[in-house]
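The values are calculated or read from the model by the stated rules, or taken from the named source; none is laboratory data. Note that the structure is a prediction, hence the values are computed from the model and not measured. Using ideal geometry, Cβ is built from the backbone for each residue, glycine included, and neighbour counts are taken over all protein chains shown. Accessible surface areas use protein heavy atoms only, side chains included; no ligands, DNA or RNA. Shrake-Rupley method; radii C 1.70, N 1.55, O 1.52, S 1.80 Å.
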Amino acid sequence: MQVIVCDQPDEATELAANEILAALEKKPDLVLGLATGSTPIGIYSRLVRAHQEDKVDFSRVRTFNLDEFVGPPSDHPRSYRSFMRKHLFDGVNVNEGNIHFPPVEGPALRDKCRDFEATIRDAGGIDIQILGIGRNGHIGFNEPTSSLASRTRIKTLTEKTLLDNSRFDREKDSTQKLAPTLAATAGIGTILDARRIMLQAFGRAKAEAVRVSIEGPISSFWPGSALQLHDDVTFYLDLESSALLTMVDYYRQVRKNAQELEERGLM
Ligand code: GLP
């Protein structure tokens, strides 16, 4: 586990976006696991800029979103499909057929969730999974007490998550209000299968979730703590979200050493 603490969220976002662009250069048919929420918007706007200014090609990229609400139509302004269109898909030349979301339309949702997993496997697995984290430690929509081995399935959202989500409703007029209580989400096991995981968390509200995810015991009560089981995960933090960590000096030293080894050509 690598922990990168930046003075500002922008700096952390720049690092994460640059890593994705470098991976894309090496592997044009990169398989990306995508997250929604306000946190990854900065990454997406940098990818869009790179496509528009530097002609970075997304035509062979495959994407798998983590989650989607059950209930609202896919073109509802609050659906995660709409979110992704607005912040990424409409700005790059990703192929419509290469975009995947967990299933939210029945019948046979359980079977369709299995198919979603199979589609990820057929694509060769996720190369880079982008993640945010909820205040209660959820990743994707894996709420507290989700099995650490869970796969794609339908989850009931907690009150805390519903409350956090309602802030988006306030931005819209009343006819567009939405209060979904169910969502389809990739499981914690699905997330842990990704080859590389990049989690970003910014702001004081995330500090407790960040602390337990990195330094706390592994527990289904804090789903982010399952990431301790992954061998290639990086937390990109700002000063506020890292405020409760007890070993920040050590994480800074680890990063400095890694950079030195890199410069000396030893890595
Ligand atoms: C939602 C998403 C998560 C996201 C979380 C945090 O619940 N399902 O994937 O990490 O919100 O959102 P934000 O980045 O806006 O704090």
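Bins of 5 Å, beginning at zero and ending with the bin holding the largest distance: percent of Cα pairs per bin for the chain, please.
1, 6, 13, 18, 19, 18, 14, 8, 3, 1, 0, 0
Considering only the other residues whose Cβ falls under 13 Å of the Cβ of Glu117, what net charge follows from Lys and Arg at +1 and Asp and Glu at -1?
Details: positive: Arg110, Lys112, Arg114, Arg121, Arg151, Arg153; negative: Asp111, Asp115, Asp122, Asp193.
Within the 13 Å Cβ shell, the charges total +2.
With each run of n ≥ 4 DSSP H residues scored as -39500 (n - 2.57), what mean residue ellipticity at 222 nm is computed for the chain after dividing by its residue count and rounding to the nearest 500 deg cm²/dmol? Please report the intermediate quantities before stating the final value.
Values: 8 runs with 96 residues, N = 267.
-11000 deg cm²/dmol, from helical runs alone.
Calculate what fraction, in whole %, of the accessible area of the chain sits on carbon and sulfur atoms when a 1.4 Å probe is rolled over the protein chains. Write down the numbers at each step before the final one.
On the way: 6300 of 12610 Å².
Accessible surface attributable to carbon and sulfur in the chain totals 50 percent.
Distance between the C-alpha centers of region 4-40 and region 224-253? Whole Å please.
About 16 Å separates the Cα centre of region 4-40 from the one of region 224-253.
Let me know the charge dipole size of region 2-263 about its Cα centre in debye, to the nearest 20, where only the beta-carbon of Lys, Arg (+1) and Asp, Glu (-1) is charged.
Numbers: 32 positive and 38 negative charges, 144 e Å.
Using only the charged Cβ atoms, the result is roughly 700 debye.
I'd like the antiparallel share, as a percent to the nearest 5, of DSSP beta bridges with both residues in region 2-263.
Values: 9 of 31 bridges.
Taking every DSSP beta bridge within region 2-263, about 30 percent pair in antiparallel fashion.
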